[in-house]
Structure formats: C-alpha cells, structure tokens
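FYI, it's all coordinate maths here, none of it is from the lab. What you are looking at is a predicted structure, and each value in this text was computed from that prediction instead of being measured. Don't worry about glycine lacking a Cβ; one is built from the backbone with ideal geometry, like all the others, and counts go over all protein chains shown.
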Amino acid sequence: MILVNTPGNWSCVFEPLRHAKWHGCTPADLVFPFFLFITGAAMRYSFKKYDYQRSHAVVVKVLKRAVLILLIGLALNFFPFQMELSNLRIMGVLQRIAIAYGIAAFICLGSGRLKLFSISFLVLIVYWVMLIVFGHGDPYSLEKNVVRLVDLAVLGDSHMWHGKIIPFDPEGLLSTLPSVVSVMFGYLTGSYIQSQPDLLKSAYKMSLTGIATIVAGMAWGQIFPINKYLWSSSYVLYTSGWAIIILSICVYMIDAKGYRRWSNPFFVLGMNSLFIYVLSIVWVKILLYCVKINRSDGSVISGYQWVFSEWFLPAAGCYFGSLLFALANVGLFWMIALSLYRRKIFVSL
C-alpha cells in the first residue's frame, strides 16, 4: 500500500502501480481487497479461543477494534488539522476496514461454512440488483451509480472524495456491503486451512479454487464490470480468487516446505502493519502540508515535491525516479518496523 500510495510524481507512475481509471483491475487494485481478505483469514485464528461463538468478551473486542480503527481513519483524514470540519471526508480505507471487519465478524461468529457461503453470495447478488434497479441511466457509470447517490444523500458533497472531479467516494457506504464479503471469503479460507491436516493437498485445492473464483469473477464481469471504485460483485470474486492463489503459494512454501527466510521482510512489516500504514500517511501529509520550501525563483513547494525534484528526479528521471521515491518510503518504514520488531514492540488494537 505504501508503494502504491507514495510515488514521487503522480503523473509519472508505471501502469501496474496505477489504479484502473474506472472498470478493470490492475495489480494496484489487488492490494486493498487482499488486506480485507487476510483480515478475514486472521479472524478465523483469532476467534479460536472464543470457540467461534458470540460472547460478551468477543463482542467487546470486535466493537472496540472496529471503533478504534474507524476513529484513526477519521483522524488521518483530518490531519494535519488545517481544514474545516464541514469539509472533512468521512469515509476512507481504514473506515472501510473497520466497518467490513465489524460486520463480517458478527456474521462469521456462530455460523457454519454453508451458511457463510450462502450469505456471501446473497449479498453479492443483492448488491448487483440494487445497482441495476436504483441506478440512473448506465448503473455502472461514475455519475449515475446508486453508490454515489446514496453517499450524496447520507454524507453530503463536502464529506466525500473528489479525486474524480465530481464527488464520488471509492470507500462509500453502500459499496462497503460487498467488501464485507471479501473479509468473509478470507474467513472461509482460513477455516478450510485449519481443517486440513495435509498442507500440500490443501494448497493444491486452494489454488484450484482460486482459479475457479477468478474465472467466475471474469465471467460475471462481462455483465457486471470488475470495478474497484464500485467494489462490484465480480471484483470481489476476481480479487478473492487471486488472494486464495497467493495464500496457497504461501501455505505451500512456508508451511508445507518450510521455506521461510524469504518471507522475513514481510513478517517484520506484518507484525506492526496498521501502525506502519498510519505512520506512512502521517509522514506524507507532513511533507505535503507542513513542510514548505522556498526556491530561488521565489516559488514555494512542499517538502514532498522538493525531495522528489532534488534527489530522485535528477538521479533517475521522472518514471524511475518516482518509483525509487516510493521504494525509498517502503525501505524507510521497513527499517522502522524492523527496529520495533527487534525491540519486541508490537502496536495492536
């Protein structure tokens, strides 16, 4: 997420690191649903001590975590506290994670696999029908989709994302509904892994399931386009399929074959993933909005622009310099994560 979110120059980004303009899916569009998917898989292991049933303790834990993540997301939108509350964007990445995690947790607790599969596909179908029935004109267009109409009615223009010129929130309220299924598919996959004593066989079956899910997503995408901004049902299937395949490869290499050393850098980041993600956003916003550099020609640029233009652009040009800038940010935060890991400091909610 850091690699995708912090290029040196947004006009100089290699296509695989860009989000699709509207319909379609690039490698960058896999990152967010993978995060939700693995949240669901981890949830399965986390709930083991509660015997996968609702109880006062687990309900309090889920609510506390969801509320804290939601508030952190709102605080990041407000940081560095230079805007009016009347213009504060309400939704965002962490807000979606909080809501999707909270809803999925309450559905998964006390539910068997068949029930979870049934609920998942019912949600995806109902969401599809809602877009068709309540959209205006082209139900999958930027301007006329019901996701945008709901956000305008509930959140209001000034509390939405304006990255597409017109107000449209890619982490909107209604489109959070199918993102819950991304978490539930992760939970179901975690449940499957737990139930299989033969890791080699489970990795093989997972890979086949992942391929089938990708194909199903692509087929559905012919009539309900794969679209991250709408978090379309076909997008849920397509990205979940890739997530299952990637996880099956990890199960095969790490758990079945014992090839663990290559995964150590990811393990270090994963132990403080939320903290590192939040810190990366705070860092970028400080450079963008708090650090101002006066240039010799009298112009003023942000610290973010200055670092790129003075260090990375001359060294590697626009595209490679932009990529190196992003990689440098990944390296910086990995070093921070490593330092925390070595000191056994783990920030969790």
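Key figures
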item	result
Taking the C-alpha atoms of the range 190-349, convex hull volume expressed per residue in Å³	198 Å³
Kirkwood Rh, Cα atoms: Rg over Rh of the chain	0.97
If the convex hull is drawn through the Cα atoms of the range 1-43, its volume per residue in Å³	70 Å³
For the range 260-349: rounded, prolate or oblate by the Cα gyration tensor [a/c cutoff 1.5]	oblate
Part-to-part distance (alpha-carbon centres) for the range 212-243 and the range 54-82, which is given in Å	29 Å
DSSP-assigned coil residues among chymotrypsin sites (Phe, Trp or Tyr not before Pro) in the range 196-281, each with at most 13 further Cβ atoms within 10 Å	Tyr259
GNM result for the chain, Cα springs below 10 Å: residue of Pro33, Pro80, Pro178 fluctuating most strongly	Pro80
Cβ-Cβ FRET estimate between Tyr289 and His136, R0 fixed at 41 Å, reported to 0.05	0.65
Whole-Hz ³J(HN,Hα) from phi, Karplus 6.51 cos²θ - 1.76 cosθ + 1.60, for the range 154-161, glycine and proline x	8, 8, x, 3, 6, 9, 10, 6
Exposure proxy ranking, count of Cβ atoms within 10 Å, fewest first, for Asp169, Asp255	Asp255, Asp169
Three-way shape label, the range 107-219, alpha-carbon gyration tensor, a/c 1.5	prolate
Extension gain, His162 back to Asn5 (0.36 nm per residue minus Cα-Cα distance, nm)	54.9 nm
Label point distance in nm, Ile254-Phe266, each placed 7 Å from Cα along Cα→Cβ	0.6 nm
Within the chain, helix-based [θ] at 222 nm, where runs of 4 or more DSSP H residues each add -39,500 (n - 2.57), nearest 500	-19500 deg cm²/dmol
Cα-projected label distance for Leu71 with Glu84, points at 7 Å along beta-carbon direction, nm	2.7 nm
Added length on full extension, which subtracts the Cα-Cα distance from 0.36 nm per residue, Lys144 to Val126	4.6 nm
Chain lengthening between Lys205 and Phe117 when straightened (0.36 nm per residue, less Cα-Cα)	30.0 nm
Sparsely packed trypsin sites (Lys or Arg not before Pro) within the range 272-338, loop by DSSP, other Cβ within 10 Å at most 14	Arg295
